[in-house]
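Trainee: I'd like to ask some things about the structure below.
The values are calculated or read from the model by the stated rules, or taken from the named source; none is laboratory data. Owing to the predicted nature of the structure, the values given are computational and were not obtained by experimental measurement. So basically every Cβ, Gly included, is an ideal-geometry build from the backbone, and we count neighbours across all protein chains shown. What goes into the accessible areas is simple: the full protein's heavy atoms, side chains included, and nothing from ligands, DNA or RNA. Shrake-Rupley method; radii C 1.70, N 1.55, O 1.52, S 1.80 Å.
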Amino acid sequence: NNIFMKIKILLSSLLISSLGWGQISTDRPDQTEASVVLPKNMLQIESGFTFQEEEVFNTLFRYGISEKFELRLNTNYLQLDSPDGKNIPSPRFGDIEIGAKIQIFKSLESSTSIAFLSHLSLPTASKYYTNGGYGTLNRFLISHDLSDTFSIGYNLGYNKIYGQKGSFVYTLALAKSINSWGVYAELYGEEAKGDSQFNFDAGLTYLIKDSFQLDISFGEGINNELSYFSLGASWNYNLKKTN
């Protein structure tokens, strides 16, 4: 029983938003995007440092347009190592992504929620930092509340950069809330022609107040050499003017 409980606690939090912690609903630190849309007039900023072969400072801006639609802007500021014989200017911004999340299904009578997420990747970055073409990143986002504090979420999607191979992406995460804490574990991967990557990650979140949350996470490749550690914070502001 003790082993089972330890495994259950480890296999936890993603879809922190679906657990209903106060006002904030975040898409980080996991790879599974939450299946809920920000409230109307809510501006949310989610930022974090990821330490791996290349260091990345990611910032996602989200804004709720209506109860079923949010706009998004995603940026990455990267520090690349220079290979032998090359002097790569660093750090620099990567390609920006603009997009939207659309609520497809959400009901107080149902434990399931569904959304669709799409981004357009723009080749705005300089040499070494760009994908080299326009692209689309698309996912269906699904979650199920198994109890008031325990959820399962998964994403299925397809990414395509012009002139490159497309890739099928998938994620599966289990989430558990413990008062102001959240813990999660996740499997995720990417399948392209001739290439397969399968990974694991896990982490913790801590809700400082309804509008501010901290997170810490790590990830490892199962069939590849991925290894990263990440620290982040998310906060939001209601831009609706009050009388």
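Trainee: Quick one: which of 196, 227, 180 is open to solvent by less than 70 Å² (accessible area, probe 1.4 Å) and under 30 Å from residue 65 (Cβ atoms)? Give the derivation first.
Mentor: Numbers: 196 fails: under 30 Å from residue 65 (Cβ atoms); 227 fails: under 30 Å from residue 65 (Cβ atoms).
Going through 196, 227, 180 in turn, the sole match is 180.
Trainee: Still on this structure, I have one more. Under 7 Å by Cβ, and 6 or more places apart or on different chains, what pairs join a residue from segment 206-230 that is modelled with pLDDT under 95 with one that is open to solvent by 80 Å² or more (accessible area, probe 1.4 Å) and part of a loop (DSSP other than H, G, I, E, B)?
Mentor: Short answer, once both residue conditions are applied: 210/23; 211/23.
Trainee: I would also like to ask the following. Quick check on segment 79-95. Is at least one of its residues surrounded by fewer than 16 Cβ atoms within 10 Å (Cβ to Cβ), closer than 30 Å to residue 152 by Cβ and free of Cβ contacts under 8 Å to residues at least 60 places away in the same chain?
Mentor: no
Trainee: Quick one: which strands (runs of 3 or more DSSP E) sit completely within segment 104-165 and have at least 3 residues that are touching a residue at least 60 places away in the same chain (Cβ under 8 Å), touching a Pro at 6+ places or on another chain (Cβ under 7 Å) and surrounded by 14 or more Cβ atoms within 10 Å (Cβ to Cβ)?
Mentor: Numbers: elements: 112-122, 135-145, 150-161.
Counting at least 3 such residues, we get no strands (runs of 3 or more DSSP E) at all.
Trainee: In addition: Sort out which residues of segment 167-204 are among the hydroxyl-bearing types (Ser, Thr, Tyr) and more than 15 Å from residue 151 (Cα to Cα), and write them in order of number. It would help to see each step written out before you state the result.
Mentor: Initially, segment 167-204 is screened for residues among the hydroxyl-bearing types (Ser, Thr, Tyr), giving 167, 170-171, 177, 180, 184, 188, 196.
If the condition is that a residue be among the hydroxyl-bearing types (Ser, Thr, Tyr) and more than 15 Å from residue 151 (Cα to Cα), then 167, 170, 180, 188, 196 are the ones that fit.
Trainee: Turning to a different aspect of this structure: Go through segment 27-55 and count every residue that is surrounded by fewer than 18 Cβ atoms within 10 Å (Cβ to Cβ), assigned to a strand (DSSP E or B) and touching a Ser or Thr at 6+ places or on another chain (Cβ under 6 Å).
Mentor: As a first pass, look at segment 27-55 and keep what is surrounded by fewer than 18 Cβ atoms within 10 Å (Cβ to Cβ): 39-41, 43, 45, 47, 49, 51-55.
Remaining after also requiring assigned to a strand (DSSP E or B): 43, 45, 47, 49, 51, 55.
Checking which are touching a Ser or Thr at 6+ places or on another chain (Cβ under 6 Å) leaves us with 47.
Of the residues in that region, 1 qualify.
Trainee: Further question on the same structure: Could you list, in sequence order, all residues of segment 43-101 that are under 18 Å from residue 123 (Cα atoms) and among the basic types (Lys, Arg)?
Mentor: Selection gives 72, 92.
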